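The structure under discussion appears below in the form of structure tokens.
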Amino acid sequence: MIRKLLIIALLLSGANAFAQHTKANTGKAKENAPDTSKSKVIDYKEIGSPLPDFLIQTEDNKLYTQDDFNNGANLFVIMFNPTCSHCMDETRTLEKGDSVFKKSKIVFLGKPAVRSYLPKFITDLKTNDYPRMTIGIDSFNVNDKLYLYSLLPQINIYDKSRKLIKVFKGETPIDSLKSYIQ
């Protein structure tokens, strides 16, 4: 009987030692493992953040990515709705100020739901007369990453390295934009 109790005691102490060893090693493994909880999530709405990849489809089905606008100058990315009167007024302002734009390009990003309104917007505002303007539908949901959901239009200005340097919300006079136009 004593022999059985001694064997049980030895087995229990061995099991306890194994459990402590496993717990200690698991803790060390966790210490040495990369910390994925601290992975940097980019907030594309913050000044200094990079321009996310985008794909724009124009009314005539041409496709453009951010690489198509790498020209060593600031880039104006405008979140807009072609039925929005403020967006139309801002487009007219940009058209009137077209002569100050030398190298900077302007990209209008509309959500897929407004695709059917693009032809009228382009025709009524004669945007095809302004080669610095590209107007299309956001095919990568970039609007959701960039738009502050405040006022339309929203103008995000990116430097030549495609880092966000300024955000304008609502109609913005050309004089406010001039210092960013290249």
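The values are calculated or read from the model by the stated rules, or taken from the named source; none is laboratory data. Keep in mind the model is a prediction, meaning the values are calculated, not measured. Positions of Cβ are backbone-derived with ideal geometry, glycine not excepted, and every protein chain shown enters the neighbour counts.
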Item to check | Criterion violated by ARG115 - all others in (1) free of Cβ contacts under 8 Å to residues at least 24 places away in the same chain; (2) more than 24 Å from PRO52 (Cα to Cα); (3) of a type in the set (D, E, K, R) satisfied | outcome: (2)
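A quick yes/no check of all residues on (1) surrounded by 14 or more Cβ atoms within 10 Å (Cβ to Cβ); (2) among the hydrophobic types (A, V, I, L, M, F, W, C); (3) not assigned by TED's automatic domain parsing to the domain that holds ILE157:
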| residue | (1), (2), (3) |
| --- | --- |
| LYS62 | no, no, no |
| ASN71 | no, no, no |
| PHE76 | yes, yes, no |
| MET79 | yes, yes, no |
| HIS86 | yes, no, no |
| LEU94 | yes, yes, no |
| ASP98 | yes, no, no |
| LYS102 | no, no, no |
| LYS105 | yes, no, no |
Checklist outcome for this item: Only one of LEU151, LEU164, LEU125, LEU146 is over 18 Å from the mean Cα position of the chain (by Cα) and assigned by TED's automatic domain parsing to the domain that holds LYS96, namely LEU125
Next on the checklist: Looking only at residues that are in a loop (DSSP other than H, G, I, E, B) and acidic (Asp, Glu) in the stretch 148-182, which one is farthest from ILE47 (Cα to Cα)?
Outcome noted: GLU171
Checklist entry - Which residue out of SER139, SER116 is surrounded by 15 or more Cβ atoms within 10 Å (Cβ to Cβ), of a type in the set (Gly, Ala, Ser) and under 22 Å from THR65 (Cα atoms)? => result SER139
Checklist entry - Does PRO34 satisfy the condition of being at pLDDT below 95 and either more than 17 Å from VAL142 (Cβ to Cβ) or not in a helix (DSSP H, G or I) (or both)? => result yes
Item to check | PHE101 being aromatic (Phe, Trp, Tyr) and over 18 Å from the mean Cα position of the chain (by Cα) | outcome: yes
